[in-house]
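Engineer: Quick one: structure below, then a few questions.
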Amino acid sequence: MTETSPPDGPDLAKGVPLAELADGGTVLGQVGGEAVLLVRQGGELFAVAASCTHYGGPLAEGLVVGDTVRCPWHHACFDLRTGRPVQAPALNDLKCWRVEERDGRAFVREERPAAEPPKLAAAGLPDSVVIVGGGAAGNAAAETLRREGYQGPITLFSADRSQPYDRPNLSKDYLAGAAPPEWIPLRSDAFYAEHRIDVRTDARVVEIDPTQKTVTLSDGGRAGYGALLLATGSEPVRLAVPGAEAPHVHLLRTLADCEALIARAESARRCVVVGASFIGLEVAASLRARGLEVHVVAPEARPMERILGPELGEMVKALHEAHDVVFHLGATLAEIGEARVRLSTGEELAADLVVVGVGVRPMTALAEKAGLAVDRGVSVDAFLQTSAPGVYAAGDIARWPDHASGDRIRVEHWVVAERQGQVAARNILGQGRRFVAAPFFWSQHYDTVISYVGHAETWDRLEVDGDPAAHDCTVAYWRGGRRLAVATVGRDLESLRAEVALEQEALG
Ligand SMILES: Cc1cc2nc3c(=O)[nH]c(=O)nc-3n(C[C@H](O)[C@H](O)[C@H](O)COP(=O)(O)OP(=O)(O)OC[C@H]3O[C@@H](n4cnc5c(N)ncnc54)[C@H](O)[C@@H]3O)c2cc1C
Ligand code: FES
């Protein structure tokens, strides 16, 4: 996480000549020592805090779209009128200031009070909401219900021992030792208490009954609901080779998994990472930062090639090799011993730590048992409702109709899960919102970030602009004459523009 540097720019309280601020333009300045972004859009003037409330991304380098501003780092979107985060991953409001226009100048005046949630009439609303899953989607849904003015009881059951936390950080800064523990929880106990969100950790739901509208917990407890959101996420796939259950073999999904891995990494010297996709390679980078020797074993010819194509696959490989990661590609693991692993090629590698990152599986068992429609994920409609009325699904488990590709898709991205949680919450309140956000994810390797918008499981044309080796490029994935997805490195604004274009196509 990085904070933007102390503000320098002009003092916006002293006024900015409007002649210097074209429509759609922005000025980065400061007011009372705080960095403020002044925006002129559609003849109106807005002033908001210049730093994104997610990880402090510089909004002056983002994109103004209508009366919103989008962050260049992970595409949070804020309402310029209220400062409210209208799209994850930011969860907190931006501060807003009143702007006065006088004598051809724009003056930023006093800070405006935070927007209050709307007052909702209870008629037609569910008398209670139960959320199963305390991850990205579940937490975002609970918060959104309150933001939208829902007053009824909200109970969030999570099988995890910890309250909702920033899962993507577990393979990045936190694992590398660069993020302190206090950055990891998404919210404090006080936040949940203040918003009357009843978070029950270590509480596994074992059955749902959509007819009786109840959920049953592993300890036999039961709870009724007016509306239900399923957001049970994924579980890591385990290796089926001898030695896979040994204590020095680690998976990474939960905070507890991460703590166990950090504890082991403190005394380990040589790690074999199994799998060369996002989690495996982020773990490789973080363990290199901790000074471990890292070898990566994977069956493909180039890491991430299936998702990103050969050019970016080559870039990722070279980037890790430049940090002394050793690849053993075209190989799988055959056996894990106490101090060595054997590969399918017969090669043996020393290893006192093994991290397995070979993919995840959506946790659909509850939905299947309840008789909901399931098709390699829980089937939902464009409003994220399952085949049972009043039961919604969001995040890694949900397979929804994607407008851009025309396919029913399921993705495993943090921002998508949060945005789906937000949309599902609004639909629980009867707002009838389609989920049209273009899928977005980012992946960080050392100081290089890959941003990806859209979804292209397959493509018939791949267009590369720029130089992947220089970490400055845009790769577009086309199928049947449609641009389905865009990956960028070092071009955040292009990634935002591609996101907006994909969303506008989806809206027709
Ligand atoms: C280490 C790591 C790094 C990642 N990095 C990135 C990244 O950089 N960018 C990105 O886009 N994505 C990333 N992801 C993926 C991203 O975290 C997931 O897509 C996202 O968390 C999915 O959100 P979700 O709410 O669907 O599920 P989750 O966040 O997995 O939450 C599911 C919750 O449901 C609970 N649960 C499951 N079953 C039950 C039950 N029966 N009863 C009660 N509770 C239950 C679980 O305990 C958990 O709390 C990463 C994932 C991991 C593991
Ligand atoms: S820093 Fe703005 S979205 Fe992450």
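Engineer: Does segment 99-171 classify as rounded, prolate or oblate by the C-alpha gyration tensor (a ≥ b ≥ c root eigenvalues; a/c under 1.5 gives rounded; else a/b over b/c gives prolate, otherwise oblate)?
Structural biologist: oblate
Engineer: Report the one residue of ALA136, LEU255, PHE157 whose Cα lies farthest in the direction of the positive end of the charge dipole of the chain (charges on C-beta: Lys and Arg +1, Asp and Glu -1; origin at the Cα centre).
Structural biologist: PHE157
Engineer: OK, next. Between GLU245 and ASP324, what is the FRET efficiency for a Förster distance of 30 Å, r being their Cβ-Cβ separation, to the nearest 0.05?
Structural biologist: The pair GLU245/ASP324 has a calculated efficiency of 0.50.
Engineer: Between LEU484 and residues 5 or more places away or on another chain, which pairs have amide H atoms under 5 Å apart, with H built 1.01 Å from N, and which residues are they?
Structural biologist: The answer is TYR477, TRP478, ARG479.
Engineer: Determine the dipole magnitude for segment 255-316: charges of +1 sit on the beta-carbon of Lys and Arg, -1 on that of Asp and Glu, nothing else is charged, the reference point is the Cα centre, and the result goes in debye to the nearest 20.
Structural biologist: Once rounded to the nearest 20, the dipole reads 220 debye.
Engineer: Given a Förster radius of 22 Å and the C-beta distance between LEU493 and ASN92 as r, what FRET efficiency does 1/(1 + (r/R0)^6) yield to the nearest 0.05?
Structural biologist: Efficiency for this residue pair is about 0.40.
Engineer: Work out the length of the dipole vector of segment 422-508 about its Cα centre, built from +1 on the beta-carbon of each Lys and Arg and -1 on the beta-carbon of each Asp and Glu, and round it to the nearest 20 debye.
Structural biologist: 560 debye
Engineer: Ordering VAL99, VAL326 by how much accessible area each has at a 1.4 Å probe, largest first, what is the list?
Structural biologist: Order by accessible area, largest first: VAL326, VAL99.
Engineer: Right, something else. How large is the helix-only mean residue ellipticity at 222 nm for the chain, computed as the sum of -39500 (n - 2.57) over DSSP H runs with n ≥ 4, divided by its residue count, in deg cm²/dmol to the nearest 500?
Structural biologist: Taking each H run of at least 4 residues, the total per residue is -6000 deg cm²/dmol.
Engineer: Spelling out what I want: for every residue of segment 35-44, take phi, set θ = phi - 60°, compute 6.51 cos²θ - 1.76 cosθ + 1.60 (Karplus), and round to whole Hz; glycine and proline get x.
Structural biologist: In residue order, the calculated couplings are 6, 10, 9, 9, 10, 10, 8, x, x, 9 Hz.
Engineer: Here's a follow-up. For segment 422-489, build the charge dipole from Cβ charges (+1 Lys, Arg; -1 Asp, Glu) around the Cα centre, then report which of PRO468, TRP478, TYR446 sits farthest towards its positive end.
Structural biologist: TRP478
Engineer: When a/c reaches 1.5 or more, the comparison of a/b and b/c decides; with that in mind, is the chain rounded, prolate or oblate per its Cα gyration tensor?
Structural biologist: Oblate, since a/c reaches 1.5 and b/c is not below a/b.
Engineer: Around ARG408, which amide H atoms from residues at least 5 apart in sequence, or from another chain, sit under 5 Å from its own amide H, with H modelled in the peptide plane?
Structural biologist: Answer set, sorted by chain and number: ASP402.
Engineer: If you don't mind, another one. Taking 7 Å along the Cα-to-C-beta vector as the label spot, tell me the GLN212-ALA122 distance in nanometres, rounded to one decimal.
Structural biologist: Between GLN212 and ALA122, the simple spin-label model gives 2.6 nm.
Engineer: Given axes a ≥ b ≥ c from the Cα gyration tensor, I'd like to know whether segment 86-234 is rounded (a/c under 1.5), prolate (a/b larger than b/c) or oblate.
Structural biologist: It is oblate, given that a/c is not under 1.5 and a/b is not larger than b/c.
Engineer: Now, a different point. Can you tally the net charge around VAL199? Count Lys and Arg as +1, Asp and Glu as -1, for every other residue whose Cβ sits under 15 Å from the Cβ of VAL199.
Structural biologist: Around VAL199, the charge tally is 0.
Engineer: Can you give me the distance in nm between label points at GLU110 and TRP478, each placed 7 Å from the Cα along the Cα-to-Cβ direction?
Structural biologist: Each label point is offset 7 Å from its Cα along the Cβ direction, giving 5.6 nm.
Engineer: Let me ask something else about it. Roughly how big is the chain's charge dipole about its Cα centre, with Cβ charges of +1 (Lys, Arg) and -1 (Asp, Glu), in debye to the nearest 20?
Structural biologist: For this selection, approximately 1120 debye.
Engineer: Now for a separate question. For segment 224-283 and segment 430-508, write down the distance between their C-alpha centroids in whole Å.
Structural biologist: Segment 224-283 and segment 430-508 have Cα centres spaced 27 Å from each other.
Engineer: Work out from phi, with θ = phi - 60° and the Karplus expression 6.51 cos²θ - 1.76 cosθ + 1.60, the ³J(HN,Hα) of each residue of segment 448-458, listed in order in whole Hz, and give x for Gly and Pro.
Structural biologist: Couplings: 9, 10, 9, 10, 9, 10, x, 7, 10, 5, 9 Hz.
Engineer: Students sometimes get this wrong: rank LEU251, LEU281 by accessible area, probe 1.4 Å, all chains present, largest first.
Structural biologist: Sorted by accessible area, descending: LEU251, LEU281.
Engineer: Compute all pairwise cysteine Cβ distances in the chain, then list the cysteines with no distance under 4.7 Å to another cysteine.
Structural biologist: Lacking a cysteine Cβ partner under 4.7 Å: CYS77, CYS96, CYS258, CYS271, CYS473.
Engineer: Over segment 190-239, with the other protein chains present, what is the accessible area per residue in square angstrom, probe 1.4 angstrom?
Structural biologist: 52 Å²
Engineer: Taking LYS213 as the anchor, which lysines have their alpha carbon closer than 22 Å to its alpha carbon, excluding any fewer than eight residues away along the same chain?
Structural biologist: Reachable lysines: LYS369.
Engineer: Let me ask something else. Considering only C-alpha atoms, what is the centroid distance from segment 1-71 to segment 101-120, in Å?
Structural biologist: Here the two parts' Cα centres lie 14 Å apart.
Engineer: At 0.36 nm per residue, and after removing the present C-alpha to C-alpha distance, how many nm does the segment from ALA350 to ARG290 gain when stretched out fully?
Structural biologist: The ALA350-ARG290 span can extend by a further 19.8 nm.
Engineer: Also, quick follow-up: What does the charge count around ASP465 come to, taking other residues whose C-beta lies under 12 Å from its C-beta (Lys +1, Arg +1, Asp -1, Glu -1)?
Structural biologist: Here the count lands on -4.
Engineer: Where in segment 116-138 is the amide nitrogen less than 20 Å from a point lying 7 Å along the Cα-to-Cβ axis of ASP189?
Structural biologist: 134-135
Engineer: Have a look at ALA49, THR386, SER344 and report the one farthest towards the positive end of the charge dipole of the chain, computed about the Cα centre with Cβ charges (Lys/Arg +1, Asp/Glu -1).
Structural biologist: In the chain, that residue is THR386.
Engineer: Sorting SER267, SER277 by accessible area (1.4 Å probe), largest first, what list results?
Structural biologist: So, going from the largest accessible area down, we get SER267, SER277.
Engineer: Which net charge results when you count Lys and Arg as +1 and Asp and Glu as -1 among the other residues whose beta-carbon is under 13 Å from that of ALA136?
Structural biologist: Spelling it out: positives minus negatives among the neighbours equals -2.
Engineer: Once neighbouring chains are kept in place and the probe is 1.4 Å, which whole percent of the accessible area of the chain is contributed by carbon and sulfur?
Structural biologist: Here carbon and sulfur together make up 49 percent of the probe-accessible area.
Engineer: Report the rotationally averaged projected area of segment 320-360 based on its alpha-carbon convex hull, in square nanometres.
Structural biologist: If you wrap the Cα atoms of segment 320-360 in a convex hull and average its projections, you get 3.6 nm².
Engineer: Right, here's the next one. Say a paramagnetic label sat at a point 7 Å from the Cα of ARG376, along Cα to Cβ; which residues of segment 407-433 have their backbone N under 15 Å from it?
Structural biologist: 407-412
Engineer: Which order do the peptides 79-88, 147-156, 464-473, 386-395 come out in when sorted by mean C-beta neighbours inside 10 angstrom, highest first?
Structural biologist: Highest mean packing first, the order is 386-395, 79-88, 147-156, 464-473.
The values are calculated or read from the model by the stated rules, or taken from the named source; none is laboratory data. None of these values were measured; they are calculated from a predicted model. In this analysis, Cβ positions are derived from the backbone assuming ideal geometry, glycine residues included, and neighbour counts consider all displayed protein chains. Accessible surface areas use protein heavy atoms only, side chains included; no ligands, DNA or RNA. Shrake-Rupley method; radii C 1.70, N 1.55, O 1.52, S 1.80 Å.
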